[in-house]
1. Restricting to the stretch 102-142, name every residue that is over 20 Å from Arg79 (Cβ atoms) and of a type in the set (A, V, I, L, M, F, W, C).
2. Take the residues in the stretch 107-124 that are touching a helix residue (DSSP H, G or I) at 6+ places or on another chain (Cβ under 7 Å) and either part of a loop (DSSP other than H, G, I, E, B) or among the aromatic types (Phe, Trp, Tyr) (or both); name whichever of them is nearest to Lys140 (Cα to Cα).
3. Assess whether Ala94 counts as being touching a helix residue (DSSP H, G or I) at 6+ places or on another chain (Cβ under 6 Å), small (Gly, Ala, Ser) and surrounded by 17 or more Cβ atoms within 10 Å (Cβ to Cβ).
4. Can you tell me which of (1) in contact with a strand residue (DSSP E or B) (Cβ under 9 Å, 6 or more places away or on another chain); (2) farther than 30 Å from Asn57 by Cα; (3) not aliphatic (A, V, I, L, M) is the one Lys88 doesn't meet?
5. Determine which member of the set Phe34, Phe48 is in contact with a Ser or Thr (Cβ under 6 Å, 6 or more places away or on another chain), under 15 Å from Ile8 (Cα atoms) and not assigned by TED's automatic domain parsing to the domain that holds Tyr109.
6. Here are some residues: Glu131, Glu117, Glu100. Which one is buried (at least 16 other Cβ atoms within 10 Å of the Cβ) and either in the same structural domain as Ser50 (by TED's automatic domain parsing) or more than 12 Å from Ala87 (Cα to Cα) (or both)?
7. Test of understanding: among Leu45, Leu58, which residue is at pLDDT below 95, over 19 Å from Val20 (Cα atoms) and assigned to a helix (DSSP H, G or I)?
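The values are calculated or read from the model by the stated rules, or taken from the named source; none is laboratory data. In this text, all values refer to a predicted model and were calculated from it rather than measured experimentally. In this analysis, Cβ positions are derived from the backbone assuming ideal geometry, glycine residues included, and neighbour counts consider all displayed protein chains.
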Amino acid sequence: MEEIKQTIQKTLELIGFSEVSVDVDAVNKKVIVFINEGEWLKKWLPSFVSDVERIANLIGKKQNISPIFVDINNYRKERENLIVEIAKAAARKATSSKSEVKLPAMNSYERRLVHTELSTRPDVKSESAGEGKERCVVVKPL
């Protein structure tokens with residue numbers, strides 16, 4: 001994991017980022033990056049996170065380490081919290097209105113977060129619906 005850390009640090013510096021901090025959690029296979037570059041980075045952060053993660057996973061593949069999770073400026077952590085809150089709100093709405101609530105399209109990881117969060121609730125159930133990029137979660141009251 002140290003090689004991955006050094007390669008990501010050097011790559012981000014070569015791109016032109018001046019204030020970069022890279023930390024590695026080898027046990028959980030996580031790379032946490034903080035880049036202090038102002039507001040313009042926020043616009044590109046979703047795709048930038050996946051691009052850096054791709055690089056990390058390519059390096060990790062050479063070392064038989066995969067998958068590697070990359071988070072930049074806590075983007076993924078904040079996104080996970082948002083998804084969980086959306087799931088809770090959908091469950092409240094489904095139970096109060098006695099009708100199903102369709103959430104926006106999400107990737108498989110985000111859908112899994114919703115299903116996991118709602119699995120503890122006995123008053124609702126969640127199902128994935130749709131195909132491809134349009135796949136979403138539907139929350140139904142019981």
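1. Val124, Ala129, Val138, Leu142
2. That would be Asp123.
3. no
4. (1)
5. Phe34
6. One residue alone meets the criteria, Glu100.
7. Leu58 is the lone residue from the list that is at pLDDT below 95, over 19 Å from Val20 (Cα atoms) and assigned to a helix (DSSP H, G or I).
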